[in-house]
Amino acid sequence: MERGAGNLIAEGKAEINAPKGVFFNPEMEFCRDLSVLVIRAALAGKAIRAVDATAGSGIRAIRYAKECEGAVGELFLVDLNPSAVKAAESNLARNNVKGNVVESSFARFANSAYAKGGFGLIEIDPFGTPVPFLYDACRISRDGTLLSVTATDTAVLCGAHPKACLKNYQAKPLNPFMCHEVGARILLGKIARTASEFNYGLKPLLTLSHRHYFKIFVLFEEGAEKAVASIKELGYLAHCNKCFNSVSVKGVANNLPTKCGRCGEQFEYAGPLWLGKLHDGEMLKKIIALNERRNAEIDKVVSLMLEEERMPAFYFELHRITERLKINAVSPSAVMLELKRNGFAASPTHFQTNSIKTDGTIRDVEAAVRKAGKKTYK
Ligand SMILES: [Zn+2]
């Protein structure tokens with residue numbers, strides 16, 4: 001982001017004015033840069049009908065229209081705030097982008113004549129939880145709609161306020177263990193349950209946990225079988241807070257063990273949550289190829305996603321393991337090397353530094369940690 005003359009802000013190919021009282025968050029530039037690449041990768045040239053449910057200054061809608069290679073056709077920007085509507089209108093004109101700015105709640109918009117025929121791209125980027133927007137987003141979706149959802153209520157999804165998580169997401173979070181991936185999967189689970197009521201299954205393209213927010217892109221696939229298949233990806237995680245053993249079990253009703261099979265401690269649990277894939281590997285490769293400006297942070301994060309995409313759900317936090325084993329810190333790459341030598345798959349994860357994903361168990365990880373701790377790697 002660059003501050004231009006007056007109050008003008010330059011970001012990507014857009015130049016906007018965000019007067020006082022109109023929502024614009026400069027800290028989300030990385031998120032918007034990545035979103036542009038996802039939409040280009042998924043929808044370039046398709047000229048779909050697009051709506052930004054929480055338009056604010058119009059920055060996202062304008063960037064999507066200017067930077068996504070013809071992905072966006074007819075464009076709608078919705079906001080309840082009259083100052084935002086005014087700012088969005090003048091920002092569209094300033095950027096030479098055609099769009100319809102509608103002063104309305106998203107719920108009223110979704111039931112209006114504007115929404116007839118549905119949308120191929122729906123952007124939900126609110127302050128706080130996206131839950132109040134999900135039903136209306138599903139109402140105006142169709143087969144193949146790309147839903148782009150931001151959640152900034154990470155404290156809720158990551159377990160700092162379990163009652164709020166229960167109320168908003170009907171799910172139990174886990175804190176502090178693996179809380180970022182658990183939180184993202186609770187959000188995906190909520191989207192899957194809502195979409196299923198409208199006869200859609202989910203295909204997640206990219207699931208991002210970054211700083212204080214989650215950003216999730218899912219494709220809607222229409223049909224009862226697709227919806228049921230998505231619901232079958234829901235389940236629970238049982239986690240031992242004492243020895244870090246964990247088990248995840250798919251199924252809305254399932255036989256989740258109550259006690260840790262390794263140490264006998266009572267399991268903590270989280271869920272219901274999404275236990276299916278978080279990313280689409282082909283999509284991630286396309287995004288890396290499209291990142292011509294070589295945004296280093298995007299390259300780093302999406303490359304990590306590409307590695308974790310092939311791995312099982314959840315991860316092992318090495319600092320907790322070494323602390324419990326009372327040994328010195330070990331490097332994640334050394335632990336991964338030991339695991340691979342023993343025939344396991346292993347990768348880092350974008351959810352948490354100093355953590356690894358593997359198809360091995362906690363026993364296998366502890367053995368690798370001990371071995372890595374004794375060796376000097378060059
Ligand atoms: Zn245990």
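The values are calculated or read from the model by the stated rules, or taken from the named source; none is laboratory data. It should be emphasised that the depicted structure is a prediction, and the values quoted were computed from it without experimental measurement. All Cβ positions, glycine included, derive from the backbone under ideal geometry; neighbour counts span all protein chains shown. Accessible surface is based on the protein model in full, side chains and every heavy atom, while ligands, DNA and RNA are left aside. Shrake-Rupley method; radii C 1.70, N 1.55, O 1.52, S 1.80 Å.
Some points to look at:
- Cβ-based charge dipole, the chain, positive-most Cα from 264, 119, 135: 264
- Segment 2-283, dipole about Cα centre (Lys/Arg Cβ +1, Asp/Glu Cβ -1), debye to the nearest 20: 480 debye
- Highest-fluctuation residue, 282, 308, 181 considered, GNM on the chain with Cα pairs under 10 Å: 282
- Hypothetical label at residue 252: residues of segment 201-216 whose amide nitrogen lies under 16 Å (7 Å Cα-Cβ projection): 201-202
- Take the Cα of residue 367, go 7 Å toward its beta carbon, and the backbone nitrogen atoms of segment 232-261 under 20 Å from that spot belong to 243-247, 261.
- With a cut-off of 16 Å on the backbone N, the residues of segment 77-94 near the modelled label site 7 Å out from residue 107 along Cα-Cβ are 79-81.
- Compactness of segment 199-240 - radius of gyration and Dmax, Cα, Å: 13.2, 38
- Listed values for segment 233-242 are Karplus-derived 3J(HN,Hα) couplings in whole Hz (6.51 cos²θ - 1.76 cosθ + 1.60, θ = phi - 60°), namely 7, 7, x, 9, 10, 9, 9, 8, 6, 8, and x replaces Gly and Pro.
- Simple point charges give the picture: +1 on the Cβ of Lys and Arg, -1 on the Cβ of Asp and Glu, and for segment 284-374 a dipole about the Cα centre of about 240 debye.
- For segment 284-374, projected area of the alpha-carbon convex hull averaged over all directions, nm²: 6.1 nm²
- Over the Cα atoms of segment 177-217, the radius of gyration divided by the Kirkwood radius equals 1.01; this is the Rg/Rh ratio.
- Binned Cα-Cα distances of segment 117-161, short to long, each 10 Å bin given as a whole percent: 28, 45, 22, 5, 0
- Per the Debye calculation on segment 168-321 with a single equal scatterer at every Cα and no solvent contribution, log₁₀ I(q)/I(0) for q = 0.11, 0.12 Å⁻¹ amounts to -0.47, -0.56.
- Segment 40-143: relative contact order in percent, alpha carbon pairs under 8 Å with at least 6 residues between: 29 percent
- Positive dipole terminus of the chain, leading residue within 151, 73, 362 (C-beta point charges): 362
- Alpha-carbon spread of segment 156-197, three principal axes, descending order, Å: 31, 19, 10
- In the context of the full set of protein chains, residues of the chain present 43 Å² of accessible surface per residue (probe radius 1.4 Å, heavy atoms only).
- If the chain linking residue 198 and residue 100 were pulled fully straight, counting 0.36 nm for each residue of separation and taking away their Cα-Cα distance, it would gain 32.6 nm.
- The chain: relative contact order as a whole-number percent, Cα under 8 Å and 6+ apart: 10 percent
- Between segment 243-274 and segment 102-149, the alpha-carbon center distance in angstrom: 35 Å
- Farthest toward the positive end of the dipole of segment 284-374, out of 339, 290, 351, is the Cα of 339, where the dipole comes from beta carbon charges about the Cα centre.
- About the Cα centre, charge dipole magnitude for segment 134-257 (Lys/Arg +1, Asp/Glu -1 at Cβ), debye: 360 debye
- Inverting the pair-averaged 1/r between distinct Cα atoms of the chain gives 21.8 Å as its Kirkwood hydrodynamic radius.
- Cα-only radius of gyration and Dmax that characterise segment 1-143, units Å: 14.0, 44
- Normalised by the number of residues in segment 255-373, the average gap of Cα pairs under 8 Å and 6 or more apart makes the relative contact order 23 percent.
- Rg(Cα) / (2.2 N^0.38 Å) computed for segment 60-191, rounded to two decimals: 1.18
- Share antiparallel - DSSP beta bridges, the chain, percent rounded to 5: 70 percent
- Pairwise alpha-carbon distances in segment 215-270 exceed 15 Å for 57% of all pairs.
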